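Data first, discussion second: the structure below is written as structure tokens.
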Amino acid sequence: MEGDAGPQKYDLRKLQEDPCLQSSKGTSQLTMKAECIAELAVDVHPRRPLYGASDLHLGDGGPADDFGEDDHRDAFEWFLEHEVEPDGGDLTLLGDVFELWQCDLAPIQEHYGNLFWRLRNYRLTRGNHDSRLRMPPDWKLIEEEHGRPKVQLVAEHGHRADPLNSSFIFVGWTVTVVAGVLERLGFRDVDKKAWHSKLIPTPITRPRRFSPEHYANYARRLARKTGAEIVILGHTHKPTLARLEDGTVYANCGCWVDADVPGSFVKVHEGRVSLWKVERSRRWT
Ligand SMILES: [Mn+2]
């Protein structure tokens, strides 16, 4: 029910649409800009600028839907319209685009309408939360080099490096399903709290097998196996850009709906890999 603010009390879009609040508080203006966080030089020159973003976790618009909160949807549409499309960019969404562990695909499609269909214009690879959909596990940029095809870049979600979301996927699945049920019962942001909790092993909370180094090692192995100079992952929810000791550039898209660095994305263009975020500010008038 649209008018029911309930647990979505921080959804400014809903506040703005409420005529009672508009008359007392005025209207607000949302401004966005893309800000570069980090940049590294590489020997990769794709014909079109390559963009990567991940972990959008589109839900059904209910209390378990992280993408519907704050200004994540506006920021994503701004990103498509002001960054990717004017640039003639080639966007890959690297998994966990759809939150299929907490809702079915039909309600997501119904809730996000045009945006849902618009996503078909871009390349999608699968993550752990949307592994039910028939999408490829990865994408490779392959260019001719000395008359032979050469893999220059590999992009995938990254959960294959995480045993609790690959071999023992029932663990990750159970945590997410329980979080979704609790959120529908009125507890706020259970999945984000669980992700940062010390009790549950996640890429953020466990120092060893789930540490950033663990994913960097996975990226290094992937680079060695494929010959790629650049490896782009998601899944950890931690935006990262690093040159590893063997020269591999490891980039992580972070998580579009993360609380700390929302709206993060990776760009590869003209011999550079860069990490960005969509900075947003709202002014009430
Ligand atoms: Mn994931």
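The values are calculated or read from the model by the stated rules, or taken from the named source; none is laboratory data. Computed from a predicted structure; not experimentally measured. Quick reminder, even Gly has a Cβ in these numbers, built from the backbone with ideal geometry, and neighbours come from all protein chains shown.
Considering only residues that are touching a Phe, Trp or Tyr at 6+ places or on another chain (Cβ under 8 Å) and more than 16 Å from the ligand (Cβ to nearest atom), which ones fall in segment 42-60?
Listed by number, the list holds a single entry, TYR51.
Report whether or not LEU141 is more than 14 Å from the ligand (Cβ to nearest atom), surrounded by 15 or more Cβ atoms within 10 Å (Cβ to Cβ) and in a strand (DSSP E or B).
Yes, satisfied.
Rundown of residues vs (1) more than 16 Å from the ligand (Cβ to nearest atom); (2) in contact with a strand residue (DSSP E or B) (Cβ under 8 Å, 6 or more places away or on another chain), yes/no style:
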residue	(1), (2)
ARG220	yes, yes
ARG224	yes, no
GLU229	yes, yes
THR236	no, yes
LEU241	yes, yes
GLU245	yes, no
ASN252	no, yes
ASP260	yes, no
LYS267	yes, yes
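Which one is farthest from the chain's Cα centre (by Cα) among residues in segment 127-142 that are of a type in the set (D, E, K, R) and modelled with pLDDT of 95 or more?
Selected residue: LYS140.
Looking only at segment 14-45, filter to residues that are farther than 30 Å from ARG188 by Cβ and exposed (fewer than 12 other Cβ atoms within 10 Å of the Cβ); which one of those is modelled with the lowest pLDDT?
ASP43
Please determine whether any residue of segment 112-124 is within 16 Å of the ligand (Cβ to nearest atom) and crowded, with 21+ Cβ neighbours inside 10 Å.
no
Can you find, within segment 149-159, the residue that is farthest from the ligand (Cβ to nearest atom) among those that are within 20 Å of PRO239 (Cα to Cα) and over 16 Å from the mean Cα position of the chain (by Cα)?
Within segment 149-159, the match that is farthest from the ligand (Cβ to nearest atom) is LEU153.
Working only within segment 224-279, note down all residues that are under 23 Å from ASP74 (Cα atoms), among the basic types (Lys, Arg) and at pLDDT 95 or above.
LYS267, LYS277
Scanning segment 160-174 for residues that are surrounded by fewer than 17 Cβ atoms within 10 Å (Cβ to Cβ) and touching a residue at least 40 places away in the same chain (Cβ under 8 Å), which turns out farthest from the ligand (Cβ to nearest atom)?
PRO163
Just one of ASP4, ASP71, ASP11 is modelled with pLDDT of 90 or more and under 27 Å from TRP284 (Cα atoms); which is it?
The unique qualifying residue is ASP71.
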